[in-house]
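Before any comments, here is the structure.
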Amino acid sequence: MTTAPPADYPTRIDDQMSAFPVISPLGIRSRLLAWPVGRHPDAVIVGLVGFLLSVAASWRASVWFDEAATISAATRSWPELMRMLGNVDAVHGLYYAGMHLWLDLVGYSPFTLRLPSAVATGITAALIVLLMRSLGPRPTAILSGLAFCLLPRVTWMGAEGRSYALTTTLAVALTLVFLAAWRRGGATRAVRARWWMLYGLLAVVVTSCFLYLALLVVAHGITAAWTHWSAHRSAATAASLGGWLLASMAAGAALIPFAIDVADQSGQVSWIGPVGRHTLHGVFVTQWFYKNPAFAATAWALIAVGLAVLARRGRRQADALPARVPSVVPSANRPAHPSLASIVLPWLVVPTVGIILASIVVSPLYSPRYLTYSAPAAAILIGVAVSALRSRSLVVVAMAGLVVLAAPQYLAQRMPEAKQQSSWGEVAALVSAQRALEPADTHLANTARANTAEANTHEANTAEAIIYGPVRQHPAATTRVIAYAYPEAFSGLTDVKLAIPAAETGRLWETRYPLDQVTGRLEGADVVWLVTSTKQDWRPSVTRHLAALGYGVDAEWSLTGVNVLRYER
């Protein structure tokens, strides 16, 4: 059903997209100071809530494997990054480039790695409020933004050094531009063309950031067809539908080379299993309500209520529309506005169904976190349901209930081993603390070599060396990923088995020699460290090799998933 914005709220989405109209130089300063706080305080406040929830204690959880991939890619030189993207991870290339610029600016630490995601989460929450203010009343907009901030998947992505928060921001931004372009259906051809060109260009950028976002463009197409059909195929909606079609086709053509590159690298997602019964759990729990079944059950009930509320309102507005709001009846000069249901329902359903169908027909592609960008649609429906409650006290109780349900998982996400039970931070702290106990002359020698550790890998005049063993669940890498995540703890150690550093391989990870081919590198080393997986346990074989060279085990520690040994001679 086509609907009009509430009578008591005249702001249109195209007004918001034109926040900086042409003004005189004398008015620029006052306009900048007034926007967005002056015009959109609700969006700013909700955005700050989202940012603060995300950034709080974001540094506590240990870095894990996927974040190590970001570090490996973003901390190499530009030519090395471009070479890598030609072989692997092209699907994340735009994100890696952005992180390269960011880390060049501020330097790497677990906090700076995750800070952009916290900022993106806050921006997304603010954009949701702006989106909903153009489609519904103020309370629904605020509640939708706050519900988004509480989703377990959102609190996870806001403290994650990957692209999921950014792609979610881009999804809401693309939807805003889609609606602004749609409303130009009755404008001149030149005006329509400019807005749909903007939509097409943004669709290219968004999809280049993450290929799965192409399904959001498809969802917008369903919204366009839905609105056109509901408006009895008026000339204005036909113009808007045609604009979407041309923009999406142009964007699709521009993205063909990128899609081919990503398809050629599809082997990197060979870890994804086929669709099965576990997929239902992924869709209904993991996808947006990560590891929180109680929140998921409540949220899905609210989503169902939200859809029912929208359906009821749509019927009522359709019955009353000609008498109450004759100015928005579809005409040649004014396209019918897409209803909220026509926007959020395709956004909620199409990406998930599309990826699952592709997983069945082509190859396994479905991973719950890849659908993070549909979380705003779920949050909006939750906001609609809560705002439909009859009293303010019931609204407060409902939101407080969501806070209570979200709190345990939120706190768990800030624990040291929250990410795939990674204990890398603890391993690094252990190694750093033990090395600090070394004799002063050894410590100074290692510190002096900190800036030339890679160069020294082929020399034998260092006091300490390290052997990196397997890392759990990731056979292509080694525990050197811990050193990428926490470089200071391992600074100055000679990597005995290193063949070609990661940045020079054109891949994410380094190549390595068998230990028995490089034992000569241990000459002159008084201490040797071994960091290895608890599952693929290298301790017996390495201990035998080192015993033949006069080394014995001095100390041994077992942490979650990782064994650490210190040898001396």
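The values are calculated or read from the model by the stated rules, or taken from the named source; none is laboratory data. In this text the structure is predicted, and so the values were computed from the model without any measurement. Note that we place each Cβ from the backbone using ideal geometry, even for glycine, and neighbour counts take in every protein chain shown. Note: areas computed on protein heavy atoms with side chains; ligands, DNA, RNA excluded. Shrake-Rupley method; radii C 1.70, N 1.55, O 1.52, S 1.80 Å.
Kindly indicate the residue of the stretch 274-292 that is among the hydroxyl-bearing types (Ser, Thr, Tyr) and part of a helix (DSSP H, G or I) and also most open to solvent (accessible area, probe 1.4 Å) among those meeting that condition. It would help to see each step written out before you state the result.
Quick first cut of the stretch 274-292, residues among the hydroxyl-bearing types (Ser, Thr, Tyr) only: 279, 286, 290.
Subset that is part of a helix (DSSP H, G or I): 279, 286.
On the way: Thr279: 9, Thr286: 29 Å².
Only one residue fits best here, namely Thr286.
Scan (1) in contact with a helix residue (DSSP H, G or I) (Cβ under 6 Å, 6 or more places away or on another chain); (2) crowded, with 17+ Cβ neighbours inside 10 Å; (3) farther than 28 Å from Val154 by Cβ; (4) touching a residue at least 60 places away in the same chain (Cβ under 8 Å) for the single condition Asp261 breaks and write down its number.
Of (1) in contact with a helix residue (DSSP H, G or I) (Cβ under 6 Å, 6 or more places away or on another chain); (2) crowded, with 17+ Cβ neighbours inside 10 Å; (3) farther than 28 Å from Val154 by Cβ; (4) touching a residue at least 60 places away in the same chain (Cβ under 8 Å), only one is false for Asp261: (2).
Could you please find all residues in the stretch 502-531 being assigned to a loop (DSSP other than H, G, I, E, B), without any contact (Cβ under 8 Å) to a residue 60 or more places away in the chain and open to solvent by less than 30 Å² (accessible area, probe 1.4 Å)? Step through it out loud before you land on a result.
Within the stretch 502-531, the first condition is being assigned to a loop (DSSP other than H, G, I, E, B), and the residues that meet it are 506-510, 513-514, 518, 523-526.
Next, only the ones that are without any contact (Cβ under 8 Å) to a residue 60 or more places away in the chain stay: 510, 513-514, 518.
Selection gives Glu510, Val518.
Please find, among Trp59, Trp156, the residue that is out of contact with any Ser or Thr (no Cβ under 7 Å at 6 or more places or on another chain) and not in a helix (DSSP H, G or I). Before the answer, list the steps.
Working: Trp156 fails: not in a helix (DSSP H, G or I).
The unique qualifying residue is Trp59.
Any chance the stretch 347-364 includes a residue that's open to solvent by less than 20 Å² (accessible area, probe 1.4 Å), over 22 Å from Ala297 (Cβ atoms) and polar (S, T, N, Q)?
Checking the stretch 347-364: at least one residue is open to solvent by less than 20 Å² (accessible area, probe 1.4 Å), over 22 Å from Ala297 (Cβ atoms) and polar (S, T, N, Q).
Looking at Trp244, is it among the aromatic types (Phe, Trp, Tyr), farther than 13 Å from Pro368 by Cβ and either open to solvent by 60 Å² or more (accessible area, probe 1.4 Å) or free of Cβ contacts under 8 Å to residues at least 40 places away in the same chain (or both)?
Numbers: among the aromatic types (Phe, Trp, Tyr): yes; farther than 13 Å from Pro368 by Cβ: yes; either open to solvent by 60 Å² or more (accessible area, probe 1.4 Å) or free of Cβ contacts under 8 Å to residues at least 40 places away in the same chain (or both): no.
When the stated conditions are applied, Trp244 does not pass them.
Does the stretch 425-432 include one or more residues that are modelled with pLDDT under 85, over 23 Å from the mean Cα position of the chain (by Cα) and open to solvent by 30 Å² or more (accessible area, probe 1.4 Å)?
no
Among the residues of the stretch 457-491 satisfying the criterion of being within 14 Å of Ala69 (Cβ to Cβ) and part of a loop (DSSP other than H, G, I, E, B), which is modelled with the lowest pLDDT?
That would be Gln473.
Quick test for you: out of Val119, Val129, pick the one residue that is in a helix (DSSP H, G or I), touching a Ser or Thr at 6+ places or on another chain (Cβ under 9 Å) and open to solvent by 20 Å² or more (accessible area, probe 1.4 Å). Step through it out loud before you land on a result.
On the way: Val129 fails: open to solvent by 20 Å² or more (accessible area, probe 1.4 Å).
The unique qualifying residue is Val119.
For the stretch 234-243, indicate whether the set of residues that are in contact with a Gly (Cβ under 7 Å, 6 or more places away or on another chain), closer than 29 Å to Ile380 by Cβ and hydrophobic (A, V, I, L, M, F, W, C) is non-empty.
yes
Does any residue in the stretch 413-428 that is aliphatic (A, V, I, L, M) come within less than 7 Å, Cβ to Cβ, of a residue that is not in a loop (DSSP other than H, G, I, E, B) six or more places away or on a different chain, and which pairs are these?
Here the result reads Ala418/Ala412; Val427/Ile482; Val427/Val531; Val427/Leu559; Val427/Val562; Val427/Val564; Ala428/Ile482; Ala428/Ala489, each pair linking the stretch 413-428 to a residue that is not in a loop (DSSP other than H, G, I, E, B).
Here are some conditions: (1) of a type outside the set (Phe, Trp, Tyr); (2) part of a loop (DSSP other than H, G, I, E, B); (3) under 19 Å from the mean Cα position of the chain (by Cα). Thr112 meets all but one. Which one does it not meet?
Going through the list (1) of a type outside the set (Phe, Trp, Tyr); (2) part of a loop (DSSP other than H, G, I, E, B); (3) under 19 Å from the mean Cα position of the chain (by Cα), Thr112 breaks only (2).
Here is a list of conditions, (1) under 28 Å from the mean Cα position of the chain (by Cα); (2) at pLDDT 95 or above; (3) among the charged types (D, E, K, R), and Asp495 meets all of them except one; can you say which number that is?
Checking Asp495 against (1) under 28 Å from the mean Cα position of the chain (by Cα); (2) at pLDDT 95 or above; (3) among the charged types (D, E, K, R), the one that fails is (1).
Would it be correct to say that Ala235 is open to solvent by 20 Å² or more (accessible area, probe 1.4 Å), over 30 Å from Gly93 (Cα atoms) and in contact with a Lys or Arg (Cβ under 8 Å, 6 or more places away or on another chain)? I'd like the intermediate steps shown before the answer.
Details: open to solvent by 20 Å² or more (accessible area, probe 1.4 Å): yes; over 30 Å from Gly93 (Cα atoms): yes; in contact with a Lys or Arg (Cβ under 8 Å, 6 or more places away or on another chain): no.
So Ala235 fails the test.
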